[in-house]
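Asker: Mind looking over this structure? Questions follow.
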Amino acid sequence: MENKRARLAVLISGGGTNLQALIDAVKTGILSADIVYVVSSRRDAYGLERAAKEGIETFVFKAKKYPSPQEAEHDLLARLQERKIDFVALAGYLKLVPLTVIRAFRNRVVNIHPARLPEYGGKGMYGHHVHEAVIAAGDTESGPTVHLVDEVYDHGKVLEHASVPVLPDDTPDTLAARILVQEHRLYPRVLQKLIKGEYSLG
Ligand code: GRF
């Protein structure tokens, strides 16, 4: 990965503010990679418009539209391979990544989660549920975690965590907004380090 620019696919399901942060980071040179493919699990995800505005190729991936789960998995994998994707970044992607993709891209699929892992991960821990749990626990610190994606949900190796204070009068919304700002800072930097081979992945 040292001489050629990495090719990234970003998987989204929603607004895509993290996708935007990655697009912006490419422009400013914080992230020396090219985002060449944006895959959304939802046709109405605003992130698709962000991608289209940048001229990035998009694809709506709905596993249920295929005759079988196997065909869905293989189509997604083939699409990533045809585009010579090096790394896959999940940015608010709410579906499980097919196992064939995880296995073909071992240590090259990453996700950003809006709280500490493993404490605030697992089934049902997404969106406002995460921040509600952090506030209910009385924690004074939270913040985003970037981790590798493996076969187990929210389980892969943690690459970085950024600390964000939880304030006494926080609601899930105010806490989410404070954390999101840090997500946008953290994610491009971690991806850059991963691409440059700066993590020891064993
Ligand atoms: C972020 O909070 C991220 O941590 C989580 O999903 C949210 C996506 O937001 N995985 P956006 O679509 O990037 O705005």
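The values are calculated or read from the model by the stated rules, or taken from the named source; none is laboratory data. These numbers come from a predicted model, not from an experiment. A quick note on method: Cβ atoms are made from the backbone with ideal geometry, for glycine too, and the neighbour counts reach across all protein chains shown. Heads up: the accessible areas ignore ligands, DNA and RNA and are worked out on the full protein's heavy atoms, side chains in. Shrake-Rupley method; radii C 1.70, N 1.55, O 1.52, S 1.80 Å.
Asker: Of everything in the range 46-76, what is within 17 Å of the chain's Cα centre (by Cα) and either farther than 12 Å from LEU19 by Cβ or open to solvent by 30 Å² or more (accessible area, probe 1.4 Å) (or both)? Give them in sequence order.
Answerer: Of everything in the range 46-76, those that are within 17 Å of the chain's Cα centre (by Cα) and either farther than 12 Å from LEU19 by Cβ or open to solvent by 30 Å² or more (accessible area, probe 1.4 Å) (or both) turn out to be TYR46, ARG50, THR58, PHE59, VAL60, PHE61, LEU76.
Asker: From the residues in the range 163-202 that are more than 16 Å from the ligand (Cβ to nearest atom) and of a type in the set (D, E, K, R), which one is least open to solvent (accessible area, probe 1.4 Å)?
Answerer: Among residues in the range 163-202 that are more than 16 Å from the ligand (Cβ to nearest atom) and of a type in the set (D, E, K, R), the one least open to solvent (accessible area, probe 1.4 Å) is LYS193.
Asker: Which ones in the range 93-125 are within 15 Å of the ligand (Cβ to nearest atom), at pLDDT 95 or above, of a type outside the set (A, V, I, L, M, F, W, C) and under 22 Å from ASP75 (Cβ atoms)?
Answerer: Once the filter is applied, which keeps residues that are within 15 Å of the ligand (Cβ to nearest atom), at pLDDT 95 or above, of a type outside the set (A, V, I, L, M, F, W, C) and under 22 Å from ASP75 (Cβ atoms), the range 93-125 yields TYR93, ASN111.
Asker: Let me ask something else about it. List, please: which pairs have Cβ atoms under 7 Å, are six or more places apart or on different chains, and start with a residue in the range 126-140 that is within 11 Å of the ligand (Cβ to nearest atom) and end with one that is of a type in the set (A, V, I, L, M)?
Answerer: TYR126/LEU94; HIS128/ALA176; VAL130/ALA115; HIS131/LEU175; HIS131/ALA176
Asker: Looking at the structure I just gave you, is PHE105 under 26 Å from LYS157 (Cα atoms), without any contact (Cβ under 8 Å) to a residue 40 or more places away in the chain and either open to solvent by 60 Å² or more (accessible area, probe 1.4 Å) or in contact with a Leu (Cβ under 9 Å, 6 or more places away or on another chain) (or both)?
Answerer: Yes: the conditions hold for PHE105.
Asker: List every residue pair whose Cβ atoms sit under 7 Å apart, with the two residues 6 or more apart in sequence or on different chains, where the first one lies in the range 168-194 and is modelled with pLDDT under 95 and the second, anywhere, is open to solvent by 30 Å² or more (accessible area, probe 1.4 Å) and in a helix (DSSP H, G or I).
Answerer: From residues that are modelled with pLDDT under 95, there are no pairs.
Asker: Anything in the range 9-24 that is more than 10 Å from the ligand (Cβ to nearest atom) and either buried (at least 24 other Cβ atoms within 10 Å of the Cβ) or among the small types (Gly, Ala, Ser) (or both)? List them, or say none.
Answerer: ALA9, LEU11
Asker: While we're on this one: Across the range 109-149, what is the number of residues that are under 21 Å from GLY16 (Cβ atoms) and open to solvent by 30 Å² or more (accessible area, probe 1.4 Å)?
Answerer: Matching residues across the range 109-149 total 5.
Asker: What is the number of the single condition among (1) within 9 Å of the ligand (Cβ to nearest atom); (2) at negative phi; (3) not basic (Lys, Arg) that SER32 does not meet?
Answerer: Condition (1) is where SER32 drops out.
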